[in-house]
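Have a look at the structure below before the remarks.
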Amino acid sequence: VQLQASGGGSVTAGGSLRLSCKVNGHPFRISAVGWYRQAPGKERELVAMMMIGGSTNYAESVKGRFIISRDNAEKTVNLQMNSLIPEDTAVYYCNASPLKGGAHYWGKGTQVTVSS
């Protein structure tokens, strides 16, 4: 499984950005796909996750602002980020959880910068 992330960029507070994660390889081997982020000097944290059955999980800090969705035909998981605030500034990483457990798959990080 390989994860190809795209999107990100720089916006002013209140703006929107969209991240996409394309799952290449064998998507049936994973149980969930989502996004983590890591801000400078902070630990990596979960932003949003979508399980194979469609249920979702969001960090409290992004609930009501971010929406995770998937396009099965394109094998992508998207993160629509609205009402962005400077605290959302971080490197965002696409993540996939293996169906049988073990080490997660990670995509390359993409920078999101929100200026006030």
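Hey, got the dipole for the range 43-107? About the Cα centre, +1 on K and R Cβ, -1 on D and E Cβ, debye to the nearest 20? Don't skip to the end; give the middle numbers.
Details: 6 positive and 7 negative charges, 52 e Å.
The dipole magnitude comes to about 240 debye.
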When we measure straight from the Cα of residue 22, which lysines land under 20 angstrom away, once same-chain ones fewer than 8 places off are left out? 75, 108
For the pair residue 2 and residue 67, how long in nm is the line joining their label points, each one 7 Å along Cα→Cβ? 3.1 nm
Give me P(r) over the chain, computed from all C-alpha to C-alpha distances, binned every 10 Å, as integer percentages. 15, 50, 29, 6, 0
Dipole of the range 12-68 (Lys/Arg Cβ +1, Asp/Glu Cβ -1, origin at the Cα centre): which of 31, 41, 21 lies farthest to the positive side? 21
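Nearest 20 debye, what's the magnitude of the dipole of the chain about its Cα centre given +1 on Lys and Arg Cβ and -1 on Asp and Glu Cβ?
Working: 12 positive and 7 negative charges, 61 e Å.
It comes to approximately 300 debye.
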Separation between the residue 26 and residue 74 pseudo-spin-labels, each 7 Å from Cα along Cα→Cβ, expressed in nm? 2.6 nm
Given the C-alpha centroids of the range 3-41 and the range 53-116, what is the distance between them in whole angstrom? 5 Å
Residue 42 to residue 99: FRET efficiency via 1/(1 + (r/R0)^6), r the Cβ-Cβ distance, R0 25 Å, to the nearest 0.05? 0.25
Can you tally the net charge around residue 71? Count Lys and Arg as +1, Asp and Glu as -1, for every other residue whose Cβ sits under 13 Å from the Cβ of residue 71. +3
For the charge dipole of the chain, defined by +1 on Lys and Arg C-beta atoms and -1 on Asp and Glu C-beta atoms about the Cα centroid, which residue among 104, 59, 93 has the Cα displaced farthest towards the positive pole? 104
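Values in this text are rule-based calculations from the coordinates and carry no lab data. All values derive from a computational prediction rather than experimental measurement. Cβ: placed from backbone, ideal geometry, glycine included. Neighbour counts: every protein chain shown.
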